[in-house]
Amino acid sequence: MGATTGQFVFDVTETTKITDAGKPAIFAEGWEPVFIYTGLETLAVLCFRHKDGQMASWYLDEAFDRRGGSVGELHGELRLQLTVRAGRLFDGLWRKIMLTPVPPPLDEREKGFFQLPEATRRDLLDLYLNSFDAATTFKPVDSFDPNRAESEIVDLGNSRILMRARHLHTLFNPGLLQDQLPNFLQTGAMSLPSPSDGSPMPSCHAVAMHGVIHAYRCVEPETQTVMFVMAGEIFFRPIALFVPDGRLCVALDLNPIRGQMPELFREFFARIMQHGDLLAGYFAEPNIKPVHVWRGITAMHIGHVLWNDISGISQMMRRVPPDVLPTFRLFDAAMHPEMYGPLDVIFPELEGKIDRDPRSFQDGVPDFYRNRECPVRSSAMTVPRDVRERISAMLKPMSGSSPAAQCQQARKAGIPVILFGLRVENRTAVNLEAFCEALVDQLSASLGRCILVVDGHNSRPGDPDNFIWSHGELSAKTRPIDYERTLTEHMRDHSAGTRVTVIDTIGLPISESLACGQQAQALVAIWGAGLAKYRWVNNIPGLIVTNHHNLSQLGDLHLYDSPLAMELPTPVRFIDDSLVHDEPDAPLMVPLGPDFIPSICNFSIDEAGAMATVHAVLADLGLTDH
């Protein structure tokens, strides 16, 4: 055989006789056999490494003759026996890691398995999971009826557990995790209520399912049943409870977890397949350190990052002393996810606590387990004045002649500054060019001399060619930022002969848009995520335009002016719904799928009525000269 590196792992040497159809095996150029794993008994697994670092496998019989390069090439008795042997191994891992309150160490067979390439381990897991009904049982909290005692007793197969509706409602309190985060930082664990009797379940370990969903592990005290509280969403909160013994998922609303992870049992098993060798020791370790995770670039949104994440940090800092603040790990750091400025500049209290990691979140997951860390997220649903003031204090023009510098000079000279929040991708005027012309004409008539700042898509800090995309923008035939630039040039041309000076921040960093907004006295904006800049940071009063559906039915229409969403908002007026008419057949630059979505429908607008409203808003703000 070869040198032994473990009870079930052997190095391949020159003396190892490997054949293919009875003849000496010939290996492709660049590939070298490195070890053989014999923990599956019936078949051995020969692992190769390419000179570029890739790995691959062959399945060998007892005589080390090749029988296939993947599970799909195995048939009949060989495939059946491999299914049985792989099943025994996976069943043992599931019992140890997912069902045992304090997992014991892995044995040599299990340790050897995790030396196999991940693709091979995944191949074997699929073989195993496809051999039986691996469905997850989903139950809504409403199915646990306190008036029917038997409905609150859950059969997990190997045991039964009591789940009471009132305790489940406590567990799914949206603010639970945010309320428990200070406890975690100061005492080393969260305290989550048992679904059986409400007694505390300490929790300090998490399985990172992906960048925005973590599963916090806890043990029900009376029955010693392992459970996972699934947390996610834009406001980081409990969304489901998963009980591995019984493959049971309970939630107030099953749609979010079913929509993202319909095969939850398989999802957890996939994490065992990937990192089981690390998870066993991780779950057995009582001393775990919380690490604040900043979402990767794929989850960043110009609004949510401010509303939920940055505001959440502010909330957390008001609840805990500075000396217990955790490390903040920013994934995808090379993509500049700190859109509103470096976190340790917004929050100087975080100096020395920011770990900017160029890797993706998924690439960084193993380090949580190796380093005995638990990923956490602070989150909020209200932008506090503190955040607005902290970001505003950082702002300054990019240069002495930049748009923000021109706005500063205009204000010093007593010239009004108006900010126009442009939106082109969808949920915008069908004749946007005419609307833009009319706005220039109205400002000329109402104000005479003024600065009109046109704002749209921004670039990421320090990376002028890396633009912050709109949701779904990759499907657009024309880049929204290109059309924004075209419209801006048209407005600039149209303003010739007036005293309206059109400048723009399109393609510039958010900081320049905000520095202009800091000088703006009035806002005209088409409803969308850009209002995060104009309202949550700059708090500019003015007029918001959107379609008829949104004015009458959109649940979060007042996201950018309600005291529930932002502290001390200045007043805004919405366009009267009689002045807009939705155009369901109008094409969208960014359609977001084949189905009609009323909230992003484009609309026609009564320009005369809209411009009369613009004048009224300017007059209310004391800006008109007649």
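The values are calculated or read from the model by the stated rules, or taken from the named source; none is laboratory data. Bear in mind the structure is a predicted one, so any value in this text is a computation, not a measurement. Cβ sites come from the backbone with ideal geometry, for glycine too, and all protein chains shown count toward neighbours. Calculation scope for accessible area: heavy atoms of the full protein, side chains included, ligands and nucleic acids excluded. Shrake-Rupley method; radii C 1.70, N 1.55, O 1.52, S 1.80 Å.
When Asp386 is tested against the conditions (1) assigned to a loop (DSSP other than H, G, I, E, B); (2) under 30 Å from the mean Cα position of the chain (by Cα), the lone failure is (1).
Of all the strands (runs of 3 or more DSSP E) wholly in region 1-69, which have at least 1 residues that are open to solvent by less than 80 Å² (accessible area, probe 1.4 Å) and more than 24 Å from Glu108 (Cβ to Cβ)?
On the way: elements: 4-6, 9-11, 31-37, 44-50, 55-60, 65-68.
The strands (runs of 3 or more DSSP E) meeting that bar are 31-37, 44-50, 65-68.
Across region 457-472, what is the number of residues that are open to solvent by less than 10 Å² (accessible area, probe 1.4 Å) and within 28 Å of Ala496 (Cα to Cα)?
Taking region 457-472 first, the residues open to solvent by less than 10 Å² (accessible area, probe 1.4 Å) are 458-459.
From what's left, within 28 Å of Ala496 (Cα to Cα): 458.
The qualifying residues number 1.
Entry remark, region 318-359: residues being more than 15 Å from Met300 (Cα to Cα), part of a helix (DSSP H, G or I), open to solvent by 10 Å² or more (accessible area, probe 1.4 Å) and touching a strand residue (DSSP E or B) at 6+ places or on another chain (Cβ under 7 Å) number 1 in total. Elements of the type strands (runs of 3 or more DSSP E) sitting completely within region 430-549 and holding at least 1 residues that are aromatic (Phe, Trp, Tyr): these cover 463-467. Of all the residues in region 236-269, those that are out of contact with any Cys (no Cβ under 6 Å at 6 or more places or on another chain) and over 13 Å from Phe172 (Cβ atoms) number 19. In this structure, Ser599 does satisfy being in contact (Cβ under 8 Å) with a residue 12 or more places away in the chain, assigned to a helix (DSSP H, G or I), under 19 Å from Val430 (Cβ atoms) and among the polar types (S, T, N, Q).
Of the residues that sit in region 600-626 and are of a type in the set (Ser, Thr, Tyr) and open to solvent by 30 Å² or more (accessible area, probe 1.4 Å), which one is farthest from Leu554 (Cα to Cα)? Among those that are of a type in the set (Ser, Thr, Tyr) and open to solvent by 30 Å² or more (accessible area, probe 1.4 Å), it is Thr624. Restricted to region 565-587, and to residues there that are aliphatic (A, V, I, L, M) and not in a strand (DSSP E or B), the residue that is most open to solvent (accessible area, probe 1.4 Å) is Leu568. Within region 97-115, the set of residues being assigned to a loop (DSSP other than H, G, I, E, B), open to solvent by 20 Å² or more (accessible area, probe 1.4 Å) and not hydrophobic (A, V, I, L, M, F, W, C) comprises Thr100, Pro101, Pro104, Pro105, Asp107, Gln115. A count restricted to region 423-438 and to residues that are within 15 Å of Val580 (Cβ to Cβ) and in contact (Cβ under 8 Å) with a residue 60 or more places away in the chain stands at 10.
Every residue, every condition in (1) under 21 Å from Met300 (Cα atoms); (2) open to solvent by less than 10 Å² (accessible area, probe 1.4 Å), yes or no:
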position	(1), (2)
Phe361	yes, no
Val376	yes, yes
Glu389	no, no
Ala410	no, yes
